[in-house]
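The values are calculated or read from the model by the stated rules, or taken from the named source; none is laboratory data. No experiment lies behind these values; they were computed from the predicted model shown. Counting neighbours? That spans all protein chains shown, and the Cβs are built from the backbone with ideal geometry, glycine included. Accessible surface is based on the protein model in full, side chains and every heavy atom, while ligands, DNA and RNA are left aside. Shrake-Rupley method; radii C 1.70, N 1.55, O 1.52, S 1.80 Å.
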Amino acid sequence: MTNSKCYSIRYALTSDLVRMAKLLEQLFSIEEDFEVDSAKQIAGLELLMESENAQLFVVEDVKKVVVAMASLQMVVSTAEGGLVAWLEDVVVDESHRGQGIGHSLLKHIREWAEAREIKRLQLVADRGNQPALNFYSQQNWLKTKLVVFRQK
């Protein structure tokens, strides 16, 4: 567990699922590609918890309330010749933004990945979420030339 001021970062527990779904509601309400559906979000979080190739991180305050989260999924990259990780669902509760929580969470995840010799971290952010895009740029994340496609 990593401590940063009055917050701590830890692995998510099943008892965190409802609160994490509430955080995802904040995130998905601004992303046009996704819909808020807490049952789906909880089902997805449960699958991540069960997966050997995924990890869920939460940040809790001194009152043990989860105020931020992120999910990480490992995949094999032929370009890197090893494991890389997709960082998703990075969200800090609206009332806790601007306090360094996101920075601490990303730093913790980078250190976690380095300790496991994960060769690259990557994430996707909604192009309309300018605060998130600015935040990632400030954290030294680089834009790629790749475009994300999906099928429903």
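Descriptive notes on the structure:
- Compactness of the chain is given as radius of gyration and Dmax, 15.0, 44 Å, from Cα positions.
- Taking 0.36 nm per residue of separation and subtracting the Cα-Cα distance, full extension of the segment from Lys119 to Val62 would add 17.2 nm.
- Additional length obtainable on full extension of the chain from Asn134 to Glu94, 0.36 nm per residue less Cα span: 12.8 nm
- Projection of the Cα convex hull of segment 7-47, averaged over all directions and equal to a quarter of that hull's surface, yields 3.4 nm².
- Heavy-atom surface of the chain, accessible at 1.4 Å and reported per residue (Å²): 65 Å²
- Shape call, segment 16-77: gyration tensor on alpha carbons, a/c limit 1.5: oblate
- With every protein chain in place, segment 53-147: carbon and sulfur % of accessible area (1.4 Å): 50 percent
- Remark on segment 69-152: hydrodynamic radius 14.0 angstrom, per the Kirkwood mean of 1/r across alpha carbon pairs.
- Pairwise centroid distance, computed over Cα atoms, of segment 9-64 with segment 78-152, Å: 16 Å
- Segment 104-152 shape via C-alpha gyration tensor axes, a/c threshold 1.5: oblate
- Listed residue pairs exceeding 24 Å between alpha carbons, taken from Lys22/Lys64; Lys64/Lys107; Lys119/Lys143; Lys40/Lys152; Lys40/Lys107; Lys40/Lys63: Lys40/Lys107; Lys40/Lys63
- Helical mean residue ellipticity (222 nm; -39500 (n - 2.57) per DSSP H run of 4+; nearest 500) of the chain: -10000 deg cm²/dmol
- Here Tyr11 and Leu146 are evaluated by their C-beta separation; at R0 = 30 Å the FRET efficiency comes out at 0.55.
- Candidates Leu17, Ser95, Met49 compared by Cα position along the dipole of the chain: farthest toward the positive end lies Ser95, with charges placed on Cβ.
- Low-density loop cleavage sites - GluC sites (Glu not before Pro) in segment 70-152, where at most 10 other Cβ are within 10 Å (DSSP): Glu117
- Length released on extending from Leu47 to Arg110, taking residue separation times 0.36 nm less the Cα-Cα span: 20.4 nm
- Placing pseudo-labels 7 Å out from each Cα toward the beta carbon at Phe34 and Trp86 gives an inter-label distance of 1.1 nm.
- Annotation for segment 1-82: trypsin sites (Lys or Arg not before Pro) lying in DSSP loop with at most 11 further Cβ atoms inside 10 Å of their Cβ are Lys5, Lys63, Lys64.
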